[in-house]
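The values are calculated or read from the model by the stated rules, or taken from the named source; none is laboratory data. None of the values given here were measured: they were computed from a predicted structure. Every residue, glycine as well, gets a Cβ built from its backbone with ideal geometry; the counts of neighbours run over all protein chains shown. Calculation scope for accessible area: heavy atoms of the full protein, side chains included, ligands and nucleic acids excluded. Shrake-Rupley method; radii C 1.70, N 1.55, O 1.52, S 1.80 Å.
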Amino acid sequence: MQASNNPRKKVLLLSAYNTPSHKSWCNGLIEHLPDFDWEYIHLPPRYFSWRIRGNPLSFIHKFSEQLKQEYDIVFATSMVDLATICGIYPNLANAKKVVYFHENQFAYPQSPNAPERLEPLMVNLYSALAADQVVFNSEHNRSSLLVGISSFMQKMPDFSPVSIVDDLKQKSCVLPVPIKDQQIVENKKIPNSIIWNHRWEYDKNPEDFFAALSILKNRNIDFKLIIMGQQFRSIPDVFTEAKEAFAENIICWGEQSRGDYLSWLSQGEYIVSTAIHEFQGLSVMEGVQHGAIPIVPNRLSYPEIFSNDYLYGDDSTDLADFLERLLTHKSKLSVPSVDEYTWSVLNGSYRSLLLALLDKS
């Protein structure tokens, strides 16, 4: 269904911490919903603490003229302090407001010895309250935010409106981040090859992954490793140790160009996640789309996406046992379909979401 009103409805698209995945999602909206008139403004993904609390000031500094315009819809990511921006720019008051949660700060695991961060929680909470519609990329994301807010309210000394959890639930829905439509996979699979393609940070739990590989190596199980993913200044020590320990198994190591990354995805036979923090698992879904068989934990959003056949238990031993059965051909799995998560399927749901908001005017 196409939007029939003329002129096209104007949408202000705000991204306060424009990571590559957020940028891809924003560009996908603009590309696949051309029947809306998009104004896309964004801030770079750096200085997290300043960005999540100070983004209204940064938006004022860089995009004041755009924010002074009239819009039919304001579509913001959850890092945006929507309540403050709408207070500063009262012209946005009449626009319908949507907040999209790629992630939520209430479910983010704290680094060891890190103090509790209240301000990111409050930004998420106030933005959700200011929105007409709150959208999540998975049910795990939605439920963890609602549980987190409920727990947060109970800790407050007085005047904490616990009823807001029900209010937020009523105006929330789940609409996944779409992946690109299927591309032709021409590369042959490398037998017994295992992909790990996540951010090199503690919340992706690389320790369990490499611990499972150590178990396999001690059992004399043959495997090849394709280790990719985004790196930062501080890299967990386990990667340095693993590069030495599995030197004979490694066929790819480190960040790759986009073309090489996709090529390795299409060559890998299995793709593994050990994450303790994830809201949709796009890196795994992209690997599956390129023909890799997912091996994922029975937690987070993965049970929503994949059947029990692809889920292992809770620790590195469970993962090692699972991989051993596959690598020694004691069990077989086919590649599941993720076609229902593509833009060609989901763009209609995004369009319907926006049109339904406009109908409430």
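Data table
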{"quantity": "Reach of residue 330 by Cα under 20 Å, taken over lysines that are not fewer than 8 positions away in the same chain", "calculated": "189, 217, 224"}
{"quantity": "Most to least accessible of 258, 117 (protein chains only, probe 1.4 Å)", "calculated": "258, 117"}
{"quantity": "Within the stretch 6-115: Cβ-based charge dipole about Cα centre, in debye rounded to nearest 20 (Lys, Arg +1; Asp, Glu -1)", "calculated": "220"}
{"quantity": "Positive-pole candidate from 77, 262, 229, dipole of the chain, charges at beta carbon", "calculated": "77"}
{"quantity": "Helix-only CD estimate at 222 nm, as mean residue ellipticity for the chain, using -39500 (n - 2.57) per DSSP H run (n ≥ 4)", "calculated": "-13000 deg cm²/dmol"}
{"quantity": "Approximate shape of the chain as ellipsoid semi-axes (Cα gyration tensor, √5λ), whole Å, largest first", "calculated": "38, 23, 19"}
{"quantity": "Quarter of Cα convex hull surface for the stretch 1-152, i.e. mean projection, nm²", "calculated": "9.7"}
{"quantity": "Dipole axis of the chain (+1 Lys, Arg; -1 Asp, Glu on Cβ), positive-most option in 350, 121, 290", "calculated": "350"}
{"quantity": "For residue 351, solvent-accessible area (1.4 Å; no DNA, RNA or ligand), Å²", "calculated": "10"}
{"quantity": "The chain, dipole about Cα centre (Lys/Arg Cβ +1, Asp/Glu Cβ -1), debye to the nearest 20", "calculated": "640"}
{"quantity": "Selection of trypsin sites (Lys or Arg not before Pro), the stretch 16-51, meeting DSSP coil and at most 15 other Cβ within 10 Å", "calculated": "46"}
{"quantity": "Distance (nanometres) between label positions extended 7 Å along Cα→Cβ at residue 119 and residue 244", "calculated": "4.0"}
{"quantity": "Cα gyration tensor, the stretch 29-74 - rounded (a/c under 1.5), prolate or oblate", "calculated": "oblate"}
{"quantity": "Cα centroid separation - the stretch 37-70 against the stretch 233-285, whole Å", "calculated": "33"}
{"quantity": "Accessible area (Å², 1.4 Å probe, nearest 10) - residue 38", "calculated": "40"}
{"quantity": "Charge dipole (debye, nearest 20) of the stretch 182-235; +1 at Cβ of Lys and Arg, -1 at Cβ of Asp and Glu", "calculated": "180"}
{"quantity": "Rounded if a/c under 1.5, otherwise prolate or oblate - the stretch 285-361, Cα gyration tensor axes", "calculated": "prolate"}
{"quantity": "Gain on full stretching of the segment that runs from residue 260 to residue 175 - 0.36 nm per residue minus C-alpha separation", "calculated": "27.6 nm"}
{"quantity": "Percent of C-alpha pairs per 10 Å bin, the stretch 217-276, short to long", "calculated": "17, 51, 30, 2"}
{"quantity": "Residues of type aspartates and glutamates that residue 62 reaches as a straight line, Cα spacing below 15 Å, ignoring anything fewer than 8 places off in the same chain", "calculated": "39"}
{"quantity": "Low-density loop positions, GluC sites (Glu not before Pro), the stretch 217-268 - DSSP coil, at most 16 other Cβ in 10 Å", "calculated": "248, 255"}
{"quantity": "Farthest toward positive dipole pole in the stretch 168-227 [+1 Lys/Arg, -1 Asp/Glu at C-beta], among 213, 202, 176", "calculated": "176"}
{"quantity": "The chain: most fluctuating residue of 129, 333, 213 per GNM, C-alpha cutoff 10 Å", "calculated": "333"}
{"quantity": "Derived scalar couplings ³J(HN,Hα) [the stretch 27-42; Karplus, 6.51 cos²θ - 1.76 cosθ + 1.60; whole Hz; x for Gly, Pro]", "calculated": "5, x, 4, 5, 5, 8, 10, x, 7, 10, 9, 8, 10, 9, 10, 8"}
{"quantity": "Reach of residue 360 by Cα under 22 Å, taken over lysines that are not fewer than 8 positions away in the same chain", "calculated": "9, 10, 96, 97, 169, 171"}
{"quantity": "Relative contact order of the stretch 73-225, defined on C-alpha pairs under 8 angstrom at six or more residues apart (%)", "calculated": "21"}
{"quantity": "Neighbour-limited loop hits for GluC sites (Glu not before Pro), the stretch 51-106 (at most 15 other Cβ within 10 Å; DSSP other than H, G, I, E, B)", "calculated": "70"}
{"quantity": "Accessible surface of residue 49 - all protein chains present, 1.4 Å probe, nearest 10 Å²", "calculated": "90"}
{"quantity": "Two-decimal Rg/Rh across the stretch 134-254, once Rg and the Kirkwood Rh are taken from alpha-carbon atoms", "calculated": "1.15"}
{"quantity": "Per-pair calculated FRET efficiency, R0 = 41 Å: residue 61 and residue 325 via Cβ, rounded to 0.05", "calculated": "0.15"}
